[in-house]
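The values are calculated or read from the model by the stated rules, or taken from the named source; none is laboratory data. Being a predicted model, the structure only gives us computed values, none of them experimental. As a convention, Cβ positions derive from the backbone with ideal geometry for all residues, glycine included, and neighbour counts pool all protein chains shown.
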Amino acid sequence: MKKINTPKIGFVSLGCAKALVDSERIITQLRAEGYEIVPTYQEADLVIINTCGFINEAIQESLDTIEEALIENGKVIVTGCLGARKVTILENYPTVLAITGPHAYQEVMEAVHKNLPAPHDPVADLIPKQGIKLTPPHYAYLKISEGCSHHCSYCIIPELRGPLVSRPIGEILHEAENLVEAGVKELLVISQDTGAYGSDINFKNDFYLGKTLKTDLFNLAEQLSQFNSWIRLHYLYPYKSIDNILPLMAENKILPYLDIPFQHSNKRILNLMQRPASGEDNLKRIETWRKMCPDMTIRSTFIVGFPGETDQEFEELLTFLKEAQLDRVGCFKYSHVKGAKANDLPNYIPETIKEERLAQFMQVQAEISANKLAKKIGKTIEVMIDEVNEDHLVGRSKADAPEVDGNVFIEGKYNRIPGDIISVTVDQADEYDLFGRVAE
Ligand code: SF4
């Protein structure tokens with residue numbers, strides 16, 4: 001039976017998958033110490049907000065959430081990327097109890113202990129070996145490093161999260177093993193710069209189950225492929241070393257899915273953005289990858305309206321998009337982020353032009369995406385079920401990451417559970433999603 005005096009914490013997790021992993025670690029620790037996590041401000045003795053500080057919209061959302069929590073509850077601890085900007089928060093909300101930066105688990109716990117002491121009777125045995133996950137039970141994010149050692153001119157993440165720090169390969173593999181044992185069917189490998197994994201520690205050796213392993217992405221991916229789970233890699237840059245992991249994708253050991261944020265195609269703009277691997281001929285790289293692994297899905301993101309982007313440079317980007325025939329694409333309008341070097345660049349692009357460019361870009365990509373998905377009609381594909389409804393299932397193919405890509409909709413009532421993998425024959429497609437039936 002629940003104890004009346006169990007200290008209760010409300011937790012709001014904002015931002016990207018990397019922030020979500022930070023939230024999971026804090027919540028795991030809170031639960032291990034006997035705190036209860038509650039879903040409303042009213043039930044909570046104290047609220048923790050894990051904030052995002054990446055773009056202006058995200059900063060505003062974080063500030064609004066702090067304000068809401070202060071009004072509704074009054075006792076608020078702020079952590080995460082925006083927490084690195086203490087002054088901004090204190091200027092707006094001087095009554096917050098404590099502010100810490102990202103991945104500062106220890107400091108968050110200290111602030112909690114100070115303001116809401118832990119119960120005398122911790123219920124550590126109630127914590128599952130894999131920790132507390134905020135994702136559905138059948139998939140989980142696996143964070144392999146913290147921080148980033150690049151200096152993209154529009155980004156302040158290195159300032160907020162520090163330089164790249166890779167986790168030991170053995171520790172990651174143990175975590176993956178626990179997750180798979182607990183029923184996870186898909187591991188999503190994340191970091192700020194997945195391809196650079198191990199470079200900060202000179203790819204030094206570590207141990208897993210008595211085996212010596214070099215800390216690099218190939219070894220990590222190969223070891224992960226032995227678990228009974230889909231393995232999806234996110235946030236790779238077009239480094240030459242990426243070619244090494246392509247055979248693992250071609251052999252279906254890990255998902256044939258490359259998530260590579262190109263951001264632009266024009267060399268001058270890429271130089272102004274100070275992007276990693278900006279000197280690569282990306283169309284050639286894409287051709288090579290597709291030769292090595294014909295079933296490859298390539299996902300990317302782009303920024304339009306970067307300061308000084310001319311009409312011609314934008315046209316070049318559209319031409320690149322048409323030639324690259326990428327499978328999944330996200331696009332953002334450039335916006336200033338407080339503290340980013342790109343703010344000082346001349347020729348800021350007016351909002352109306354940025355809007356037009358974004359619409360044009362998305363129109364071009366929507367046609368590409370529709371054509372590519374139409375080619376799947378009549379084919380039978382493997383689908384992981386995410387949702388079971390009364391009259392239909394919602395799932396994803398190997399080409400679709402959760403949250404960011406498309407879905408596969410299957411009409412009918414089936415006795416299935418999330419995480420099941422079934423064969424589906426595709427009957428219809430639109431710009432983003434597929435519609436099909438369970439294969440005979
Ligand atoms: S690679 Fe660039 S955009 Fe990505 S986190 Fe590092 S600095 Fe930011």
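Among residues of the range 239-259 being at negative phi and polar (S, T, N, Q), the one that is nearest to the ligand (Cβ to nearest atom) is Ser241. Every residue in the range 13-64 that is at pLDDT 85 or above, small (Gly, Ala, Ser) and in a helix (DSSP H, G or I), please. Matches in the range 13-64: Ser23, Ser62. Would you call Asn202 out of contact with any His (no Cβ under 7 Å at 6 or more places or on another chain), at pLDDT 95 or above and at positive phi? Yes, satisfied.
Rundown of residues vs (1) buried (at least 18 other Cβ atoms within 10 Å of the Cβ); (2) modelled with pLDDT under 90, yes/no style:
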{"residue": "Pro122", "(1), (2)": "no, yes"}
{"residue": "Lys129", "(1), (2)": "no, yes"}
{"residue": "Cys148", "(1), (2)": "yes, no"}
{"residue": "Ile156", "(1), (2)": "yes, yes"}
{"residue": "Arg167", "(1), (2)": "yes, no"}
{"residue": "Ala176", "(1), (2)": "yes, no"}
{"residue": "Leu188", "(1), (2)": "yes, no"}
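Screening the candidates Val388, Val364, Val337, Val426 for the property of being of a type outside the set (S, T, N, Q) and touching a strand residue (DSSP E or B) at 6+ places or on another chain (Cβ under 7 Å) yields one hit, Val426.
If you check Glu309, Glu287, Glu316, Glu323 for being more than 27 Å from Gln60 (Cβ to Cβ) and either surrounded by 15 or more Cβ atoms within 10 Å (Cβ to Cβ) or touching a strand residue (DSSP E or B) at 6+ places or on another chain (Cβ under 8 Å) (or both), only one passes: Glu316.
Applying a threshold of 8 Å to beta carbon distances and a minimum spacing of six or more residues, or different chains, the list of pairs starting in the range 251-269 at a residue that is farther than 19 Å from Leu318 by Cβ and in the same structural domain as Met362 (by TED's automatic domain parsing) and ending at one that is within 16 Å of the ligand (Cβ to nearest atom) and assigned to a loop (DSSP other than H, G, I, E, B) reads Leu258/Leu236; Asp259/His234; Asp259/Tyr235; Asp259/Leu236. Looking only at the range 67-84, how many residues end up being among the aliphatic types (A, V, I, L, M), within 23 Å of the chain's Cα centre (by Cα) and in a helix (DSSP H, G or I)? So the answer is 2. Among the residues of the range 71-86, which ones are at pLDDT 90 or above and surrounded by fewer than 17 Cβ atoms within 10 Å (Cβ to Cβ)? Result: Ile71, Glu72, Gly74.
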